1. Among the candidates Gly109, Gly82, Gly97, Gly47, which residue alone is on the phi > 0 side of the Ramachandran plot, exposed (fewer than 11 other Cβ atoms within 10 Å of the Cβ), of a type outside the set (D, E, K, R) and at pLDDT 80 or above?
2. Under 7 Å by Cβ, and 6 or more places apart or on different chains, what pairs join a residue from the stretch 50-67 that is within 9 Å of Val36 (Cβ to Cβ) and at pLDDT 75 or above with one that is surrounded by 13 or more Cβ atoms within 10 Å (Cβ to Cβ) and among the polar types (S, T, N, Q)?
Amino acid sequence: MPELSNIGILSAFLAGIISFLSPCVLPLVPGYISYVAGRSTFASPSGEIAVARSVALGLSFCFVLGFTTVFVILGASASALGQLLLSYRFELNIVGGGIVTLFGLFMLGTIR
């Protein structure tokens, strides 16, 4: 029986493949590939392929690092905003209830 951690890693990998093949991400793939491989297609004057591959590897690393940084910052800011909203939950419930009541009165036609 496979360990639970292996099942989690496998399911995360499969979810990544499915999200990569989704219609909203798949059209972006040519741009990603041209960014990573487009700059490394020119070979050095001596024709060294290893140099071109190392440049592509470096560009790939920078590309992944950039995406990782952006999504980590977005996740951290969403967590911070969630904690802030959680601390004012009671007050926000009152404000939200007032807004819903005003919308209801507007729909009834008592407020124009």
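The values are calculated or read from the model by the stated rules, or taken from the named source; none is laboratory data. These figures come from a predicted structure and were not determined experimentally. Neighbour counts run over all protein chains shown; Cβ positions are idealised from the backbone, glycine included.
1. Values: Gly82 fails: on the phi > 0 side of the Ramachandran plot; Gly97 fails: on the phi > 0 side of the Ramachandran plot; Gly47 fails: at pLDDT 80 or above.
On inspection, the qualifying residue turns out to be Gly109.
2. Pairs found: Ala56/Ser40; Leu59/Ser40.
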